[in-house]
1. I need the per residue convex hull volume for the stretch A:233-294, using only the alpha carbons, in cubic angstrom as a whole number.
2. Once fully extended, how much extra length lies between A:Leu2 and A:Tyr418, figured as 0.36 nm per residue of separation less the alpha-carbon to alpha-carbon distance?
3. Evaluate the distance, in nm, between pseudo-label points positioned 7 Å from the Cα of A:Asn84 and of A:Tyr125 along their respective Cα→Cβ axes.
4. Just tell me which lysines come within less than 25 Å, Cα to Cα, of A:Lys545; anything on the same chain fewer than 8 places away is out.
5. Roughly what angle does helix A:44-63 make with the longest principal axis of chain A, taking Cα atoms, 0 to 90 degrees, to the nearest 10?
6. Figure the gain on full extension for A:Glu365 and A:Val403 (residue separation times 0.36 nm, minus the Cα-Cα span) and round it to one decimal in nm.
7. What full-extension length gain, to one decimal in nm, is calculated for A:Asp540 and A:Glu558 as 0.36 nm per residue of separation minus the Cα-Cα distance?
8. What number do you get for the stretch A:99-186 when its Cα radius of gyration is normalised by 2.2 N^0.38 Å, N = residues?
Amino acid sequence: MLYSKLFGKTQKQPPADASTASHKLLHQGGYIRESTAGRYFFLPLGQRVQQNIIKIVKEEMDSTGAQEMVSPVLHPLELWKETNRNNETGFELTTIKDRREAEFALGGTAEEMFVDCVRKFQLSYRDLPFNIYQFSTKFRDELRARGGLLRVREFIMKDAYSFDVDEENFKKEYKKMWDTYKRIYNRLGLDVIVVESDNGYIGGEYCHEFIVESEVGESKFLVSEDGTYAAHEDIAKFKRDGINQDEETKKMEVIDQPAWVQTMEHNEKHYKLPRARFLKNVVYKIRTTGEIIIAVIRGDLDINKTKLEHVLNAVGQLDDATDADLTSIGTKRGYVHSWGHKNVRYIGDLSLTSVKNFIGGQKEETKDTINVNYGTDFSCDVLADIALAKEGYHTEDGKHKLVMKKGIEVGNIFQLGYHYSNKMKGANYIDEDGKEKPYYMGCYGIGIGRTLATIVEIHHDDRGMMWPDVVAPYRVHLVGLDLKDDEIRAKAEHVYNTLHDKGITVLYDDRKEASAGMKFADADLIGIPVRLVVSKKTGDQIELKKRAEKSFQLMSLEDAIKNI
RNA sequence: CGGGAUGUAGCUCAGAUGGCUAGAGCGCAGCGUUCGGGACGCUGAGGCCGUGGGUUCAAGUCCCACCAUCCCGACCA
């Protein structure tokens, strides 16, 4: 490719509103342009990289026996209604109507579509298992796009769906996809951490995110110091250390308390005891049913809303209680009781059994309870893990400390089980015994654009991008200097043609007017792995410099080609 | 959706207290001089000052509404 003909230009200054390295560099290097917030043009350079990533993902998927296909972008809204994902689960669904008033969802993920396609066939157990996938543009009506390609409203995703006869067989597929993802990211030059995470609106019981550690990432997760446990903040388990287990259990009493004691800080000051000794209540409301939920937890811990939603089987439906909600159960802020309110459900955290003789639980203006013990003085409707894990807490076995990390989620794998095959009519296969049975599913996603941006986040320096060989838009950036000299220009063109004939992709900076400094700066910014220079100085030889290295060497064209 | 900020040339930005016939640097076009780390000179093209209302003799500048964008939060594979 001749640089002078390349559509898209480099730019000296980054756009003012770009906050991440990948956003700045991809824009400056002429890889992408913003259309509207969260929707991007991929310019020729960007598209070449995107295609390279797609190629690698496709090769690895195909090698597992998965089969590529493609589904319509517009999904009949009835399908989303069939699984009740159109309104209740908080999916960022964009819907449209056509001229005949038929309603569609712009596909944001395609479980329903793939199941709908599969159920059109009379599947036998002999047809299973299989894994079908597609690359397609996904739409997410994000409230807030950010970070260039890191969180967008439209992007290409590889989404795969597996169909098995049962869980045992599914697990083999899940493991296969896990290993495949590791290979894919390895080839792309990304170190991934596999993290247990929350299924959210996808459904199913367990899933894993593939995360590349980065400060600009939005995924927070906890890792045990020895690295054997990694889990997303929303599901991370940890040990509730016993606080005062050797203390004698005392009898509950109602005591006088000064009116100024209202917050946790006040408690600590008044009783001169650590926060863990107090009871804390947090109130929520389930949006769909209006039911009030009181979460009771040890004072030093915080509620994890996602965990609580799972306990309540109300994913994406929990709102913080308003003052009006508190009034409706006959109380107000600061005076919520850990027991006794009517028409509420009490969910307690596991930590309630880790403390003896709690203080609090039934606060009034100048009274409160002390020596409160879970099980004897009060109990919740459910006792479960609903606490937010934090850095410094210990793993469940108590052996290791947890460390908080941030990263970019570049892919994920989900166990779906019977979630969709149970909800959708006719999602069955005929088993050996002649009976209809639902198939056992999994799904597997990779965000291509986000992966591309992540590669830039990891591979760049202050001059520009540094693409790994396999994804670089071209293998070689050929810089011609002194090109007004016919002889030198002929040499450069010879190099260009030779490389081309050898099947090596090359971007040839053939501009006559541009200065050497400008060409080098552009080459560094664009970040192609190998730079070759032909100029007055290089004579019969050619200069080779790798983007990632400082030094360059003169050599013959043949040696240079060997080197590439 | 809550809090904060910003919308002036393709990009980055300047245009106190209203007086604008709207500027600079980069970029772009032409000519000349340069030519191994974003060279220089001259010339030139390029603006409904986000949109709509209002106040005023006069609005890029003040007021209101809306829209858009960014940051924090909420939400979110």
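1. Each residue corresponds to 184 Å³ of Cα convex hull volume.
2. 144.4 nm
3. 3.1 nm
4. Partners found: A:Lys5, A:Lys9, A:Lys12, A:Lys24, A:Lys484, A:Lys491, A:Lys502, A:Lys512, A:Lys519, A:Lys536, A:Lys537, A:Lys562.
5. 70 degrees
6. 9.6 nm
7. Roughly 5.3 nm would be gained on extension.
8. Dividing the Cα radius of gyration by 2.2 N^0.38 Å gives 1.37.
Values quoted throughout were computed directly from the atomic coordinates according to the rules given, and no laboratory measurement underlies them. The model shown is predicted, which means the values in this text are computed figures rather than measured ones. Reconstructed Cβ throughout: ideal geometry from the backbone, glycine too, with neighbour counts over all protein chains shown.
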